[in-house]
Amino acid sequence: MTPPGLPHDDLGDAWRAARPRAAGRHLDSAACSRQSSRVLESVAHHARHEAELGGYVAESAAQDLLQQGRSVLAGLVGLAAADLAFVESAQAALATLLAGWRLPAGSRVAVLPGEYAPNTALLRAAGLTPVPLPVDGVGRAAPEEVERLLAADPPAAVHLTHVPSHRGIVQPAAELVALCRAAGVPLVLDAAQSLGHVDVDLGADAVYGTSRKWLAGPRGVGFLCVRPALAARLTPAMAPAADLPPMRAFESGEAHVAGRVGLVLAVGEHLAAGPDRVRERLAALGAAGRQVLDGAAGWRVVEPAGEPTATTTLAPPDGVDVVATRARLLTEQGIVTTAIGVERAPDEMTGPVLRVSPHVDATLDDLEALAAAL
């Protein structure tokens with residue numbers, strides 16, 4: 001069956017025209033999206049300023065832009081500029097949060113069984129004990145069972161990965177935020193795979209993410225947003241300057257400022273494109289991809305067909321090597337995807353998968369070419 005046409009073709013055309021010509025078919029935005037020419041130029045422009053004026057002088061000249069960026073980026077998650085700290089990555093954001101929070105050793109933090117393994121490692125490194133949230137058959141949190149867990153034996157916090165990296169499903173974050181608030185348990189939202197992809201303005205106590213995925217900004221930049229009530233419980237290694245918001249104490253002074261400038265520009269492009277329109281096209285790409293790819297050469301789609309994400313994961317036929325397939329697609333067809341091993345989420349995955357994650361510039365032809373290449 002041929003999938004229906006995609007909405008907002010004008011958005012796809014504009015997104016494509018704003019970027020350098022792709023060398024192949026880029027279906028890997030869950031790993032790293034393609035930056036626009038304007039973002040690339042803004043990063044290079046700031047780097048040149050650092051060479052011409054000195055790094056700290058150039059950073060000072062960019063402060064108004066960076067502050068506007070803090071406001072806009074925090075606004076996407078329902079918070080304010082004062083609540084945001086720029087960091088170097090999503091993992092750096094979680095490490096920064098845990099270092100400042102200083103929860104007592106042994107404190108239990110509820111996580112999904114399919115939690116991203118590096119996140120679990122960071123929790124354990126902080127002396128915390130991950131405990132599983134109840135989920136359904138596809139790894140989605142079960143709100144009624146979570147409510148019972150929170151009432152009977154509340155953890156110190158809940159850490160929720162909004163959209164996992166190994167499966168294109170959306171967790172019921174808004175429902176869990178409400179349940180956690182009622183129980184007095186802070187909820188931390190990993191938005192690395194969701195910001196710029198699905199709605200993230202859901203009321204979480206802390207939200208963190210990265211530039212390089214669905215926002216299509218530079219690598220080496222991330223953010224951490226914390227609501228004031230939770231931020232008041234954080235202790236930075238060094239106190240912030242008296243004239244700065246407390247969260248600024250968690251920003252590194254030895255920073256990739258040019259990357260932060262690029263992220264600010266990328267967020268501006270996301271807003272100009274229309275976040276609702278972006279989400280609608282991405283969801284349609286996911287639905288079309290699952291329809292086109294399910295059964296192609298024996299590969300099987302893992303997530304429900306109607307999941308509102310652009311990410312599709314494919315389980316291989318018996319005897320087919322996912323890593324070798326990913327390499328063959330790249331070298332022979334110029335199709336960029338990701339091979340994901342069970343080490344990514346060892347408590348949930350039963351075998352490796354091939355992840356397909358197009359951005360809004362992708363077309364039905366790209367998805368059909370992948371199906372044929374499998």
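The values are calculated or read from the model by the stated rules, or taken from the named source; none is laboratory data. These numbers were taken from a predicted model, which means no experiment stands behind them. Note that we place each Cβ from the backbone using ideal geometry, even for glycine, and neighbour counts take in every protein chain shown. The area values use the complete protein model at the heavy-atom level, side chains included, leaving out ligands, DNA and RNA. Shrake-Rupley method; radii C 1.70, N 1.55, O 1.52, S 1.80 Å.
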Counting pairs of Cα atoms in segment 95-168, how many percent are more than 20 Å apart? 31
Work out the length of the dipole vector of segment 17-90 about its Cα centre, built from +1 on the beta-carbon of each Lys and Arg and -1 on the beta-carbon of each Asp and Glu, and round it to the nearest 20 debye. 500
Once normalised by the length of the chain, the mean sequence separation of its alpha carbon contacts under 8 Å that are 6 or more apart gives a contact order in percent of 25
Accessible area per residue of segment 220-339 at 1.4 Å probe, in Å²? 42
Percent breakdown of C-alpha pair distances by 5 Å bin, ordered from the shortest bin, for segment 234-374: 2, 9, 14, 15, 13, 11, 11, 9, 7, 5, 3, 1, 0
Just subtract the alpha-carbon distance of ALA183 and ALA61 from 0.36 nm times their residue separation and send over the number in nm, one decimal. 39.4 nm
Pick out which of ALA44, ALA206, ALA141 has the largest mean-square fluctuation in a Gaussian network model of the chain, springs linking Cα atoms closer than 10 Å. ALA44
Per principal axis, largest first, the Cα atoms of segment 31-158 extend in Å by 59, 32, 26
With all protein chains present and a 1.4 Å probe, how do ASP243, ASP365, ASP205 order by accessible area, largest first? ASP243, ASP365, ASP205
Considering only the chain, what is the antiparallel percent among its DSSP beta bridges, to the nearest 5? 55
Carbon-plus-sulfur fraction of the accessible area of the chain, 1.4 Å probe, in percent? 54
Note, ³J(HN,Hα) from phi for segment 62-77, Karplus 6.51, -1.76, 1.60, rounded to Hz, x at Gly and Pro: 8, 4, 4, 5, 5, 5, 4, x, 4, 5, 5, 5, 4, x, 5, 10
Show the residues, 5+ positions off or on another chain, whose built amide H is closer than 5 Å to the amide H of VAL135. ALA142
The chain: equivalent-ellipsoid semi-axes (sqrt of 5 x gyration tensor eigenvalues, Cα, Å): 32, 28, 17
Spin-label point model (7 Å from Cα, Cβ direction): what's the ARG328 to MET238 distance in nm? 5.4
